[in-house]
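I have placed the structure first, in the form of structure tokens, so that the comments after it can refer back to it.
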Amino acid sequence: MTVEVSRTYPSAAVARRIAAAVSADNPPFVRVDVAGSGLTVHLAARSAASARATLDDLLACLQAAERADPGA
């Protein structure tokens, strides 16, 4: 199962900071790409349950990073 989630931020600098904030904890099957002010998360998991659990954790981390970044 693969999942892709995209988000656009006010600037490329904000997108890079958010990506850096969540990248350290990502397992090998999660990739975070930044292109301009856009951030895209690519997730590949063996099952829907695994994808959902990982996505839940990742979205919580993204939300925390956005709240902590004054530019987001």
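A few remarks follow.
- When segment 1-53 is filtered for residues that are within 16 Å of A65 (Cβ to Cβ) and polar (S, T, N, Q), the ones remaining, listed by number, are S6, T8, S11, S23, N26, S37, T40.
- As a summary of the residue check, V5 satisfies the conditions (1) out of contact with any helix residue (DSSP H, G or I) (no Cβ under 6 Å at 6 or more places or on another chain); (2) among the aliphatic types (A, V, I, L, M); (3) outside any strand (DSSP E or B) except for the one numbered (3).
- Residue count for segment 54-72, restricted to those that are touching a Pro at 6+ places or on another chain (Cβ under 8 Å) and either of a type outside the set (G, A, S) or not in a loop (DSSP other than H, G, I, E, B) (or both): 1
- Residue within segment 35-53 that is outside any loop (DSSP other than H, G, I, E, B), over 12 Å from the mean Cα position of the chain (by Cα), surrounded by 14 or more Cβ atoms within 10 Å (Cβ to Cβ) and among the β-branched types (V, I, T) present: no
Any read-out appearing in this document is the output of simple, stated calculations on the displayed coordinates, not a laboratory observation. Being a predicted model, the structure only gives us computed values, none of them experimental. For neighbour counting, all protein chains shown are included, and Cβ atoms are generated from backbone atoms with ideal geometry for every residue, glycine included.
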